[in-house]
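The values are calculated or read from the model by the stated rules, or taken from the named source; none is laboratory data. Since the structure is predicted, the reported quantities are computational estimates derived from the model, not experimental observations. Here the Cβ positions follow ideal geometry from the backbone for every residue, glycine too, while neighbour counts run over all protein chains shown. Remember, those area values only see protein heavy atoms, side chains included, never the ligands or the DNA or RNA. Shrake-Rupley method; radii C 1.70, N 1.55, O 1.52, S 1.80 Å.
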Amino acid sequence: MRVVIVGATGNIGSALVRALAGEPAVTSVLGLARRVPDWQVAKTTWAPVDLRDADTVGDELRAHFEGADAVVHLAWLIQPARDPVTTWQANVLGTTRLLDAVAAARVPALIQSSSVAAYAPGPKDRAVDESWPTHGWPQAAYSREKAYVERLLDAFEYRQPTVRVVRMRPGFVLSRHAAAAQRRLFVGPLLFGPMVRPELSPVMPDIRGLRFQVVHTSDVAEAFRLGITEPVRGAFNLAAEPVVDAALLGRLFDARPVRLPRPLVRAALAAAWRARLTPASPQLFDAFVRLPVMDRTRAAEVLGWQPRVSAEDTLRELVEALRSGTGALTPPLVPRLPGGRLNELATGVGRRA
């Protein structure tokens, strides 16, 4: 098989590149990204692509997709959150161009990275399957764009019934290698490694809706590998056990859960957002506390996928990596960007890609 990965240098993409290097059924991988890495991986070549480039990217993608057995779409801009037009251009319009190129190149399989954030608000006390509505939370750009891409995929499947379309909907995808990048994307420059210590947090905020799912990056990469090599279609929820709540976080940080009013926590986050101290908007918090708990039965029974790393071990690995400032070799995952944290502040927290 010849596989093309769009967004091959990010959290999931870099793990999938490594996974496919050891997959006998895959003979070559083309990794596409805005910034080509200085990273050599077996079977893999690299090429630059920017999905925001409306003038040329369509022709570039079609040329790259010619002769491919599968295209994996992982490219996604989370930042700049303060510029939703830019993220819309990359995520929604970019996906539109990619789908057109898949159809034009007659690629037989498309594996798309969706998210739990594509789901409409749902229950926390029971798990929902892949039939739960994918309307997202419209006030949060990330959730809104994930939901819109689900509609693009609906239309694409109707127009291209011969293309095998797989939609992966993972919970929060975490790993040691992505820790520095996720600190930059969601927390900001004011969280330093020495601050991530259990003894500094004697209490753990327990708010209504604090119940969510995580999954290790390596396990998500394995699900994508199976989506490429197995003749499956449709959506798959990906999450590890147990579901994360205040009690689990309290054990992780050796802290006592303390119930706090959700409006109070949101107000504090909104103040930090307005002061440009955090790149995560209060609307993203609104979406987060409304996410449903996902049932992953279909991934187990149809895809043959089981997570190997528990949610608690995944979180523990992330905390240790945040403490040590761990990253990886690709441009999105490097431990330290040029200019460091001062440059993050100077260029506007949440304003740059």
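Some observations on this one:
- Complete set of residues in the stretch 228-243 that are within 18 Å of Leu318 (Cβ to Cβ) and either buried (at least 24 other Cβ atoms within 10 Å of the Cβ) or touching a Lys or Arg at 6+ places or on another chain (Cβ under 7 Å) (or both): Leu238, Ala239, Ala240, Val243
- With respect to the conditions (1) under 26 Å from Ala141 (Cβ atoms); (2) open to solvent by 50 Å² or more (accessible area, probe 1.4 Å); (3) in a helix (DSSP H, G or I), Asp59 lacks only one, and its number is (1).
- Residue within the stretch 37-46 that is of a type in the set (Lys, Arg), within 14 Å of Gly7 (Cα to Cα) and surrounded by fewer than 18 Cβ atoms within 10 Å (Cβ to Cβ) present: no
- Flag if Gly67 is on the phi > 0 side of the Ramachandran plot, in a loop (DSSP other than H, G, I, E, B) and of a type in the set (Gly, Ala, Ser): yes
- Residue match in the stretch 15-29 (condition: farther than 24 Å from Arg183 by Cβ, hydroxyl-bearing (Ser, Thr, Tyr), touching a Gly at 6+ places or on another chain (Cβ under 8 Å) and open to solvent by less than 60 Å² (accessible area, probe 1.4 Å)): no
- Failed item in (1) over 19 Å from His64 (Cα atoms); (2) assigned to a loop (DSSP other than H, G, I, E, B), with Gln89 passing the rest: (2)
- Residue check: Gly250 meets all listed conditions (1) open to solvent by less than 10 Å² (accessible area, probe 1.4 Å); (2) closer than 30 Å to Ala155 by Cβ; (3) assigned to a helix (DSSP H, G or I) but one, namely (2).
- Residue within the stretch 218-227 that is assigned to a loop (DSSP other than H, G, I, E, B) and either modelled with pLDDT of 95 or more or open to solvent by less than 30 Å² (accessible area, probe 1.4 Å) (or both) present: no
- Lone unmet requirement of (1) modelled with pLDDT of 95 or more; (2) outside any loop (DSSP other than H, G, I, E, B); (3) more than 26 Å from Arg308 (Cα to Cα) for Met204: (1)
- Just one of the listed residues (Arg144, Arg151, Arg97) is within 19 Å of the chain's Cα centre (by Cα), surrounded by 17 or more Cβ atoms within 10 Å (Cβ to Cβ), part of a helix (DSSP H, G or I) and modelled with pLDDT of 95 or more, and it is Arg144.
- Annotation note: of Arg82, Arg126, the sole residue that is open to solvent by 30 Å² or more (accessible area, probe 1.4 Å), of a type in the set (Lys, Arg), at pLDDT below 95 and under 30 Å from Val289 (Cα atoms) is Arg82.
Quick grid of which residues meet (1) touching a residue at least 60 places away in the same chain (Cβ under 8 Å); (2) basic (Lys, Arg); (3) closer than 15 Å to Ala311 by Cα:
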position: Glu222; (1), (2), (3): yes, no, no
position: Arg225; (1), (2), (3): yes, yes, no
position: Thr229; (1), (2), (3): yes, no, no
position: Val232; (1), (2), (3): yes, no, no
position: Ala235; (1), (2), (3): yes, no, no
position: Ala239; (1), (2), (3): yes, no, yes
position: Leu248; (1), (2), (3): yes, no, yes
position: Arg251; (1), (2), (3): yes, yes, yes
position: Leu260; (1), (2), (3): no, no, no
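- Glu301 being touching a strand residue (DSSP E or B) at 6+ places or on another chain (Cβ under 9 Å), open to solvent by 10 Å² or more (accessible area, probe 1.4 Å), in a helix (DSSP H, G or I) and not small (Gly, Ala, Ser): no
- Taking the criterion of being buried (at least 18 other Cβ atoms within 10 Å of the Cβ), under 19 Å from Ala81 (Cα atoms) and touching a residue at least 60 places away in the same chain (Cβ under 8 Å), the residues of the stretch 277-298 that qualify are Thr278, Pro279, Ala280, Ser281, Gln283, Leu284, Asp286, Ala287, Phe288, Val289.
- Only listed residue being modelled with pLDDT under 90, among the hydrophobic types (A, V, I, L, M, F, W, C), outside any helix (DSSP H, G or I) and more than 21 Å from Ser175 (Cα to Cα), chosen from Leu337, Leu277, Leu345, Leu329: Leu277
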